[in-house]
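This report concerns only the one structure given below.
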Amino acid sequence: MFEEHQSARHKSAERPILVIACGALAREIEALSRRWGWKHLHLKCIDAKLHNRPAEIPPRLRKMIRRHRSAYEEIFVAYADCGTGGGIDRVLAEEGAQRLEGAHCYEFFAGRERFASLSMAEPGTFYLTDFLARHFDQFVTKPLGLDRHPELRNTYFGNYRKLVYLSQTEDAGLLESAAQAAARLDLEFEHVHCGYGELETSLAARFSRRQSIPIAAEGNNGA
C-alpha cells in the first residue's frame, strides 16, 4: 500500500504544465527553461504573426486550451493583452487559465516602472525586442508595405521620434539590426538592455519549485 501511495504521488508530481505562448516569446521561454531547469513545462506556441491581426488571438487561444485541457492539470498563457482590448482576459476567465500580467511584452521586459519612464520621456517611441530586431522586415517592413512604398514611412511613423531597442540578450548582430531599423525609419536610436525582466520573475515565481519531466517544445509557429 505504501509503495502504491508513493507511486501515485510520484506520477502526480511529474504531471506537466502547459505554457501556451506567443511565438515571439518562444526563444526566451526556452532559454529560461534551461536556466531554471523547468523541464516539467511543455511549451506550445501560437504564430506571432497574429499580432498583426490581434482579434484572431483570443479564439485561437480558446481552441488550444480546449484541445489540450485533458492532458494538463494546469495551463498558463504567456501573452499580455497584446492589443486584444481585453479579449484574451475574457477567454481565460471562461476557460479557467491565467496569463502574464501587463499590456504588452515591452512592458514586462522593461518592467512597469522603467517602461512608464521611457514612455513619459518620449511618448512618440517605437519599441523593438530581440524578436522584432531579428524579424524586423518580416513583422514591420513587409506587412506595412514599406519595402514596396518607402514613402509610407511618414504615414506610419510621422508621429514617432525615437526607436528604443529593449534587448533580452547581448547580441552585437541584433544591436546592429535594431540600429539599422531606426535609421530606415529616420528615428533617434536608443538601446536599453533589459534581460528577461518580468517575464523571468513572473515565471520563476510560478514554476521554479516544480518537479521536472522532459520538455516538449513546438516551434515558433505552433497551432
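The values are calculated or read from the model by the stated rules, or taken from the named source; none is laboratory data. No experiment lies behind these values; they were computed from the predicted model shown. Neighbour counts run over all protein chains shown; Cβ positions are idealised from the backbone, glycine included. These accessible areas exclude ligands, DNA and RNA; they are computed on the full protein's heavy atoms, side chains included. Shrake-Rupley method; radii C 1.70, N 1.55, O 1.52, S 1.80 Å.
With helices as the sole contributors, the chain gives -12500 deg cm²/dmol at 222 nm; each DSSP H run of n ≥ 4 counts as -39500 (n - 2.57), and the sum is divided by every residue. The number of Lys pairs in the chain with C-alpha atoms less than 25 Å apart, excluding pairs fewer than 8 positions apart on the same chain, is 8. Using R0 = 22 Å, the C-beta based FRET efficiency linking Lys49 and Arg27 works out to 0.90. Relative to its Kirkwood radius, the Cα radius of gyration of segment 55-125 gives an Rg/Rh of 1.08.
For the chain, the calculated P(r), taken from all Cα-Cα distances in 5 Å bins from zero up to the bin holding the longest distance, is 1, 6, 13, 17, 18, 16, 11, 7, 5, 2, 1, 1, 1, 0, 0, 0 percent. Counting only heavy atoms of the protein chains and using a 1.4 Å probe, Asp186 has close to 120 Å² of accessible surface.
GNM on the chain, alpha-carbon springs under 10 angstrom: the most fluctuating residue among Ala183, Ala26, Ala121 is Ala121.
Ligands, DNA and RNA are left out, and with a 1.4 angstrom probe the accessible area of the chain is 53 Å² per residue. Positive contributions from Lys and Arg (+1) and negative ones from Asp and Glu (-1), summed over other residues with Cβ under 15 Å from the Cβ of Gly102, come out at -4. Taking the accessible area of segment 24-90, probe 1.4 Å, and keeping the other protein chains in place, the carbon and sulfur fraction comes to 48%.
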